[in-house]
Amino acid sequence: MQEIHLEGRQRIKSQEMAFTGLFAALIAAGAYMRIDIPVQPFPMHFTLQFFFVLLAGYVLGARRGAAVFAAGGGPAYLIRPTFGFLIGFVAAAWITGKLCWKRPGGGVAWRLFSAFWGMMTYYLCGMVYFYVISNYVIHMPVSWKLVVINCFLITAAEDFILCVMAAVVARRLMPFALGQYR
C-alpha cells in the first residue's frame, strides 16, 4: 500500500473539503433534530440546523461557511414560503464568519455579537421570502404581523440560546480552525 504525503496548499484543501463535508452532514442531521410548531398557514420548525450553521461560520469563516448549504427538494422547493430560511442559513454563516474572523482571537462576547447578527440576517431573509412567496407567488395572503409572530417571535429566543451555545462551543474549536486556515 502506497502512502500519500500531501504538502502545503494541497493538505489545506483536503482539510477544507473534509470540514465542509463535516458541516454539511451536521447541518443535514440538525434538520432531523427538531420541534414542530403547529401554526397556520404553514407549520414552523425549530431545529438544530442553525446551531451548526453558526459553527460553520465560526470554524470555516465567511466564504467556506456560506458554501456549506444542502437544501434538496428540487425546483418546486423554491416556492415554499419557508425556503427563505434556508437561504438565510447561507447569509447567517457568511455574516457570522465574516464578523468573527475580523477578530479571530475575540472572546465569547465577540462571537455572540457575530452570531446575533448572523441570526438577524437569517430571520430577515426568511421573513421577507415568506411574505413575498405567500402573497405574490402562491397567493395565500399573510400580513407582516403574522410573519413576525410565526416566523420570528415563536423561535427567536430559542435561536438566541443556540447563538450562545455556538459561541461557547466555538471557543474550543477556534484555536483548531486558526491553525488550519491561517
* Could you run through the range 108-124 and say how many residues are open to solvent by 40 Å² or more (accessible area, probe 1.4 Å) and more than 17 Å from Leu55 (Cβ to Cβ)? => 3
* To do: Hey, can you tell me all the residues within the range 1-50 that are at pLDDT 75 or above and either among the β-branched types (Val, Ile, Thr) or in contact with a Gly (Cβ under 9 Å, 6 or more places away or on another chain) (or both)?
  => Thr20, Phe23, Ile27, Ala28, Ile35, Ile37, Val39, Thr47, Leu48, Gln49, Phe50
* Structure fact -> Per the filter on the range 45-63, residues open to solvent by 20 Å² or more (accessible area, probe 1.4 Å) and either assigned to a helix (DSSP H, G or I) or aromatic (Phe, Trp, Tyr) (or both) are Phe46, Gln49, Phe51, Phe52, Arg63
* **Looking only at the range 20-44, and only at residues there that are without any contact (Cβ under 8 Å) to a residue 24 or more places away in the chain and part of a strand (DSSP E or B), the one that is nearest to Ala67 (Cα to Cα)** => Arg34
* Structure fact -> All conditions in (1) in contact with a Leu (Cβ under 9 Å, 6 or more places away or on another chain); (2) surrounded by fewer than 16 Cβ atoms within 10 Å (Cβ to Cβ); (3) farther than 23 Å from Thr20 by Cα are true of Ile161 except (1)
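Mind telling me which of the residues Phe130, Phe160, Phe89, Phe83 ends up being of a type in the set (Phe, Trp, Tyr) and within 12 Å of the chain's Cα centre (by Cα)?
Criteria check complete, one pass: Phe89.
Can you tell which of Val128, Val132, Val169 is assigned to a helix (DSSP H, G or I), open to solvent by 50 Å² or more (accessible area, probe 1.4 Å) and modelled with pLDDT under 95?
None of the others qualify; the one that does is Val169.
The values are calculated or read from the model by the stated rules, or taken from the named source; none is laboratory data. From a predicted model like this one, the values you see are computed outputs, not experimental measurements. When we count neighbours, we look across all protein chains shown, and the Cβ atoms used for this are built from the backbone with ideal geometry, even at glycine. With ligands, DNA and RNA removed, areas are computed over all heavy atoms of the protein, side chains included. Shrake-Rupley method; radii C 1.70, N 1.55, O 1.52, S 1.80 Å.
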